[in-house]
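**Student:** Dropping a structure here in structure tokens format, bear with me for questions.
Every read-out reported here was derived from the displayed coordinates using simple, explicitly stated rules and does not represent laboratory data. All figures in this text were calculated on a predicted structure; none of them were measured in a lab. Glycine gets a Cβ as well: all are built from the backbone with ideal geometry, and neighbour counts include every protein chain shown.
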Amino acid sequence: MKTIKTGILMKTASIFFLTSTLLLGQSRWEVPAEAKDKISFHMFNEDMVNEGRMLYESSCASCHGTPTEANYALMVPSPGDPAGERFQKQTDGALFYKIKTGRDQMPKYEDVFSEDEIWNIIAYFRSLNPAYVQPVPDLEGIEIPTFDVKLSYDENVDKLVVKVKTDGEIEAGIDVSAFIKTMFGKYPLGKTRTNDFGIAYFDVDHKIPGDSLGNLTAIAKVRKGYGFDKTTRILPMGTPTKPLSAIAGRHLWSTDDQAPLWLDIIFHATIIFIWGAMFVIIYQLRKLKKLA
């Protein structure tokens, strides 16, 4: 009997030791030294933070939860909270490396996100830390191109046309991404590169609701090497739409001017009656007080 109990205890201890060793091994994520020192060559701004937030909510929140609330998934190793100390004490380069390469349950996003998108996610992470100070890149000896970007709309083929010049010259192969600004954020039109004429085309669904004239705000981002530029222009690309009240269809009227006259009279007469009744009651109470 003692031999059986001893065997069970030894097996239990072995399983516990192996499990602990496995979990301990999983908690270590070695990042190459050169990857740790990687930094963004673009200073984090509000635009990057907003785009990073949208990417996080669509691809990361299911495991990491809502930042600052520590409601991440119960997994081994733990995904952690991006606003937590474990995340924030890592370098930008380490975060970039881990998002890009993945490990275990953490997917590899190298083929999902561009480098710019990964930096946007990191910009969002850092916005959660008021004590964070972004490292300043050393741009000595690095040429940063300047861009001249013009936006137009070709209604014959329903396409947004982005014309790009780099340092005053037409150039093919410039990365261009385009968006339409909506009430709920930016609607992506896609990513492409300029052709031999320095032009990039994006399909636009003309059924997208615009303002009363059908205008929509188009946004184009261009990038070459360490150079980046963003251009915004209002263009007649959508369907003319008359703004509606948020409670349209759920009410008889939304303003006093739209209310019928008979209802307006009844409403004000009711208010006068109520105040008159209150005055009479107060007056009678004062008379009773004097009689007492």
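**Student:** Test of understanding: ordering H64, H42 by Cβ neighbours within 10 Å, fewest first, what list do you get? Please report the intermediate quantities before stating the final value.
**Tutor:** Working: H64 22, H42 17.
In increasing order of surrounding Cβ atoms, one gets H42, H64.
**Student:** Along the positive direction of the dipole of the chain (beta-carbon charges: Lys, Arg +1; Asp, Glu -1; about the Cα centre), which of I234, A292, Y97 reaches farthest?
**Tutor:** A292
**Student:** Which whole-Hz couplings ³J(HN,Hα) result when phi for each residue of the range 276-287 is put into the Karplus expression 6.51 cos²θ - 1.76 cosθ + 1.60, θ = phi - 60°, listed in order with x for Gly and Pro?
**Tutor:** Values, residue by residue: x, 5, 5, 5, 4, 4, 4, 4, 5, 5, 5, 5 Hz.
**Student:** Tell me which residues come under 5 Å, amide H to amide H, from G190 once H is placed; ignore anything under 5 positions away on its chain.
**Tutor:** A178
**Student:** Between [x] 25.2; [y] 23.9; [z] 19.0, which entry matches Kirkwood radius over Cα pairs in Å as derived from the coordinates of this structure?
**Tutor:** The value computed from this structure is option [x].
**Student:** Can I ask one more? For the range 147-235, what ratio Rg/Rh do Cα atoms give with a Kirkwood hydrodynamic radius? List each step's numbers first, then the result.
**Tutor:** Working: Rg = 12.8 Å, Rh = 13.2 Å.
Reported Rg/Rh, Kirkwood definition of Rh: 0.97.
**Student:** List, in order, the whole-Hz ³J(HN,Hα) value for each residue of the range 201-216 obtained from phi through the Karplus relation with A = 6.51, B = -1.76, C = 1.60 and θ = phi - 60°; use x for Gly and Pro.
**Tutor:** These are the phi-based 3J(HN,Hα) values: 10, 9, 6, 10, 7, 5, 7, 4, x, x, 7, 5, 9, x, 7, 10 Hz.
**Student:** What is the set of long-range amide H partners of D211 at a cut-off below 5 Å, with H atoms built 1.01 Å from backbone N?
**Tutor:** T241
**Student:** From the phi angles alone, apply the Karplus equation (6.51, -1.76, 1.60; θ = phi - 60°) to the range 157-174 and give each ³J(HN,Hα) in whole Hz, x where the residue is Gly or Pro.
**Tutor:** 10, 6, 10, 7, 10, 10, 9, 10, 10, 10, 6, x, 10, 6, 9, 8, x, 7
**Student:** While we're here: When the helix-only estimate is applied to the chain (DSSP H runs of n ≥ 4, each -39,500 (n - 2.57), divided by the residue count), what is the mean residue ellipticity at 222 nm, nearest 500 deg cm²/dmol? The partial results should precede the final answer.
**Tutor:** Numbers: 8 runs with 106 residues, N = 292.
Computed mean residue ellipticity for the chain: -11500 deg cm²/dmol.
**Student:** If each residue's Cβ is checked for other Cβ atoms within 10 Å, how do M48, M278 rank with the fewest at the top?
**Tutor:** Working: M48 22, M278 10.
Fewest-to-most ranking of M48, M278: M278, M48.
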